[in-house]
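**Student:** Submitted below is the structure of interest, expressed as structure tokens.
The values are calculated or read from the model by the stated rules, or taken from the named source; none is laboratory data. Everything numeric here is computed off the predicted structure, so don't read it as measured data. A quick note on method: Cβ atoms are made from the backbone with ideal geometry, for glycine too, and the neighbour counts reach across all protein chains shown. Surface accessibility is based on the protein's heavy atoms, side chains included, excluding ligands, DNA and RNA. Shrake-Rupley method; radii C 1.70, N 1.55, O 1.52, S 1.80 Å.
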Amino acid sequence: MHVFDPLTLDDAARDKLASELNTLLLPYFPESTTEAIHRQYFHSGIERSRIALLKEHDRLTGFQIVTSSPVTLPAGDFMIIRSVVARAQANRTRGSRAFERFGPTELIRQALRAHASGRRPWLLGQSAGPVTYMRLAPYFRTILPPPDPHANASPAQRAIFVDLLRTIDMIPEHPEAWSMRNGPIYPISPDERATWLGRPEPTVHRFFQECPDAGTGQVLLFGVELTLPTLAAILPRQLQHLMRRRKRATT
């Protein structure tokens, strides 16, 4: 695994990297572009960026990026943290423990740096299918929207969340929405949708409640304020996740 700051690369090297990353995203998001990667993860407003590359015989098989961008709103000083991870489809079940740990560990590092600088860190993202939201919710008990389909956020939290989203051009489609319709297209077949809706997880039902047109560009907008108690709970839950995976692999 190779970890470095992509913002230290020159323009040509960063363009080449964006193209390589895009090859891993295209099987999942057929309309993904290198321009979107630059716009979201390589822009000048980023204060800190770290990327982990997973390779096999010099072929890129996976990557993770975690970035931090400072922003000041009427409600105070914040740090927007964004992350993306992808693996080659043939390597989705293979990797390294270091690669698995990189994302949560780097997220904690960047969030603690934000706290140390007097900024409130928020993790913001979009889930084009139910998987991202479903996997993150167990780590973040205060994730927005709440997994309970009948729950909602406080007006103050909701206002901060929406104001932060606006700074990165992720705007809910109407004042009460937790979704937008011009996001990345992640195709979902009717059979796949039916299979998902047959699952018991509240996160799955919350996702389709907010994104009835998922698969056509409607995506769930999610966020969580990374308070110190929230950060303290990440690593134990990650350890439990890794232990469950190891147990499944040996049975």
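**Student:** Using θ = phi - 60° and the Karplus curve 6.51 cos²θ - 1.76 cosθ + 1.60, what whole-Hz ³J(HN,Hα) does each residue of segment 190-204 get, with Gly and Pro shown as x?
**Tutor:** Karplus values, whole Hz, x for Gly and Pro: x, 5, 5, 4, 4, 5, 4, 5, x, 7, x, 4, x, 4, 5.
**Student:** I need the trypsin sites (Lys or Arg not before Pro) found in segment 150-231, filtered to DSSP loop residues with at most 11 other beta carbons within 10 Å of theirs.
**Tutor:** In loop regions of segment 150-231 (DSSP not H, G, I, E or B), there are no sparsely surrounded trypsin sites (Lys or Arg not before Pro).
**Student:** From the Cα gyration tensor of segment 133-244, with a ≥ b ≥ c the square roots of its eigenvalues, which class applies: rounded if a/c is under 1.5, or else prolate if a/b is larger than b/c, or else oblate?
**Tutor:** oblate
**Student:** OK, next. Taking the convex hull of the Cα atoms, report for segment 113-194 its projected area averaged over all directions, in nm².
**Tutor:** That works out to 7.0 nm².
**Student:** Now for a different question. With a ≥ b ≥ c the root eigenvalues of the C-alpha gyration tensor of segment 15-67, is it rounded (a/c under 1.5), prolate (a/b larger than b/c) or oblate?
**Tutor:** Taking the square roots of the gyration eigenvalues as a ≥ b ≥ c, segment 15-67 is oblate.
**Student:** What part of the accessible area of the chain, given as a whole %, is carbon or sulfur when the probe is 1.4 angstrom?
**Tutor:** Taking all protein chains in place, the chain shows 54 percent carbon and sulfur surface.
**Student:** Pull up all non-local amide H partners of D77: gap of 5 or more, or a different chain, and H-to-H distance under 5 Å with H placed in the peptide plane.
**Tutor:** R120
**Student:** Which value at 222 nm does the chain reach when only helices count, each DSSP H run of 4 or more adding -39,500 (n - 2.57), with the total divided by all residues and rounded to the nearest 500 deg cm²/dmol?
**Tutor:** -12500 deg cm²/dmol
**Student:** Hey, if you put +1 on the Cβ of every Lys and Arg and -1 on every Asp and Glu Cβ in segment 25-102, which of G76, T61, H38 ends up farthest toward the positive end of that dipole?
**Tutor:** T61
**Student:** Here is a further query. For segment 7-97, run through the GluC sites (Glu not before Pro) and keep only the ones in DSSP coil with at most 13 other Cβ atoms within 10 Å of their Cβ.
**Tutor:** Hits after loop and neighbour filter: E31.
**Student:** Quick check: net charge around G215, other residues with Cβ under 13 Å of its Cβ, Lys/Arg +1 and Asp/Glu -1?
**Tutor:** Summing Lys/Arg as +1 and Asp/Glu as -1 gives -2.
**Student:** Let me check I've understood the local charge: for R109, count other residues with C-beta under 9 angstrom from its C-beta, Lys and Arg +1, Asp and Glu -1. What total comes out?
**Tutor:** +2
**Student:** Now for a separate question. Determine the gain in length on full extension of the stretch E176-L235; use 0.36 nm per residue of separation and subtract their C-alpha separation, reporting nm with one decimal.
**Tutor:** Result: 18.0 nm gained on full extension.
**Student:** May I pose another question? Filter the GluC sites (Glu not before Pro) in segment 152-240 down to the DSSP loop ones having no more than 10 other Cβ atoms within 10 Å, then list what survives.
**Tutor:** E176
**Student:** With the Cα gyration tensor of segment 69-151 giving a ≥ b ≥ c as the square roots of its eigenvalues, does the rule (a/c under 1.5 for rounded; else a/b larger than b/c for prolate; else oblate) give rounded, prolate or oblate?
**Tutor:** Since a/c reaches 1.5 but b/c is at least a/b, the shape of segment 69-151 is classed as oblate.
**Student:** Same structure, new question: Please compute one quarter of the surface area of the Cα convex hull for segment 6-145 and express it in square nanometres.
**Tutor:** That works out to 9.5 nm², a quarter of the Cα hull's surface.
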